[in-house]
1. Highest mean first, what order results for 53-61, 6-14 on Cβ atoms within 10 Å?
2. Calculated from DSSP H runs of 4 or more alone, at -39500 (n - 2.57) each and per residue, what is the 222 nm mean residue ellipticity of the chain, nearest 500?
3. Loop only per DSSP, at most 11 neighbouring Cβ atoms within 10 Å: give me the GluC sites (Glu not before Pro) in region 77-152, ordered by residue number.
4. Give me the distance between the Cα centres of region 1-17 and region 80-156, rounded to whole Å.
5. What is the diffusion coefficient of the chain in µm²/s, taking the Kirkwood radius over Cα pairs and the Stokes-Einstein relation at 25 °C with a viscosity of 0.890 mPa s?
Amino acid sequence: MAEITVSVDGVKYSDHVEPRLLLVHYLREVVGKTGTPIGCDTSNCGACTVLLNGESVKSCAVLAVQADGAEITTIQGMANGGGLHPLQQAFHQEHALQCGYCTPGMIMAASDLLRENPSPSDEEIREGLEGNLCRCTGYENIVRAVRRAAQAGVSK
């Protein structure tokens, strides 16, 4: 067992974990952040994307021990004060989800994209979300949602 200390959505956690435990399983099973879905467990779909020290990562491709000392933000940590984060609101307003399974990962990847590029073109949005798959929406509404958030000045 290895001891790790992480901050998840602003709360500090110290736990003993198996060295082979994936970050996605740590977040869901140990910390209780079930808003981060397990998609493919092979880093292909991006549903499990979280922010690790401000950068988007697929949490099924990171061991929990690799996150030791890190600050992690999940979809559940995006909103402040009980309301939706402006990026979440943009996804809602643009109907950028259907089944919703990919949505947490899309929003987390979009958050990192807008941090790096606060005013992306549609092509840059598509490239920025390239590793996140959606089987329902056809992506048009997702691109519109990210564009709406960018126009509103969302860069977190």
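Quick note: the coordinates plus some simple rules give every number you see, no bench work behind them. Everything numeric here is computed off the predicted structure, so don't read it as measured data. Because the Cβ atoms are built from the backbone with ideal geometry, glycine has one as well, and the counts that use them run over all protein chains shown.
1. On the way: 53-61: 20.2, 6-14: 14.4.
In descending order of packing, they fall as 53-61, 6-14.
2. Values: 4 runs with 41 residues, N = 156.
Helices in the chain give a 222 nm mean residue ellipticity of -8000 deg cm²/dmol.
3. Working: sites: Glu94, Glu116, Glu123, Glu124, Glu127, Glu130, Glu140; in loops: Glu94, Glu130.
Answer in residue order: Glu130.
4. Region 1-17 and region 80-156 have Cα centres separated by 28 Å.
5. Working: Rh = 15.5 Å.
Translational diffusion coefficient: 158 µm²/s.
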